[in-house]
Amino acid sequence: MLHYIRLGIASTAVAVALTAAPAANALSAPDSAEAKNASAVVTIRYDDSRAAGWEAAIAAGVASWNSNVDNVKLVEAPPGTRAEIQIVATSGWPQATLGPVRPGGRAQVQLGQQAVTDGHDKTRIAAHELGHNLGLPDTKPGPCSQLMSGSSAGTSCKNAVPDAAEQARVERAYAGGAASRTPADGRMLVDAR
Ligand SMILES: [Zn+2]
């Protein structure tokens, strides 16, 4: 009987150690379910071959998302292969499909020159529109600290990093393959002035 009690204590200690390890690397305090889901990373591919002039902004916007969320990663699709996200440059207003886009799904980002002409930062635009694909709606008006406040933060705002709440919402959308079970919204959100 004493052995059982000791074993019980020992396995509790092991379980605590196992869940504590991934928590040390996370920005927010994850519960054990989040720690388990951290291993299930969803990969979403993008094709920016029709977004001439936006390459650096797209790369920076993608890097911002990839370094701030853990369970979904944006990767450039090799030439000739299928991509979930089609990124194109246009002369109009930026706009994007409201996700969360699923693996094998379809979403679009239009990087509109009109917003650049108005003085808005290209990297913030790219990161914002990708945020729509990842399931985030606009939060306008809002502060510069929010990525999804978009143009309402003014042309001086160059923040391309989603805040903690925005990161958490995307993490929830992709946790445990959730984005594969929930249909993407699919609406086109237009970021006009
Ligand atoms: Zn928007």
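For the reader, a short list of remarks on this structure follows.
- Test: residue in the stretch 97-112 that is hydrophobic (A, V, I, L, M, F, W, C), touching a strand residue (DSSP E or B) at 6+ places or on another chain (Cβ under 6 Å), in a loop (DSSP other than H, G, I, E, B) and surrounded by 14 or more Cβ atoms within 10 Å (Cβ to Cβ): yes
- Test: residue in the stretch 117-140 that is open to solvent by less than 30 Å² (accessible area, probe 1.4 Å) and on the phi > 0 side of the Ramachandran plot: yes
- Among the conditions (1) under 21 Å from THR43 (Cα atoms); (2) out of contact with any Gly (no Cβ under 7 Å at 6 or more places or on another chain); (3) part of a helix (DSSP H, G or I), LEU130 misses just one, which is (2).
- With respect to (1) among the basic types (Lys, Arg); (2) more than 22 Å from GLU171 (Cβ to Cβ); (3) within 12 Å of the ligand (Cβ to nearest atom), the lone exception for ARG106 is condition (3).
- Residues within the stretch 77-96 that are outside any loop (DSSP other than H, G, I, E, B) and closer than 13 Å to ALA51 by Cβ, tallied: 7
- Taking first residues from the stretch 123-145 that are touching a residue at least 60 places away in the same chain (Cβ under 8 Å) and among the charged types (D, E, K, R) and partners that are part of a loop (DSSP other than H, G, I, E, B) and within 12 Å of the ligand (Cβ to nearest atom), the Cβ contacts under 7 Å between residues at least 6 apart in sequence or on separate chains come to GLU129/PRO94.
The values are calculated or read from the model by the stated rules, or taken from the named source; none is laboratory data. As the structure is a prediction and not an experimental result, all values here were calculated from the model. Here the Cβ is made from the backbone with ideal geometry for all residues, glycine too, and neighbour counts use every protein chain on show. The protein model used for the area step is the full one, side chains on, heavy atoms only, and it has no ligands, DNA or RNA in it. Shrake-Rupley method; radii C 1.70, N 1.55, O 1.52, S 1.80 Å.
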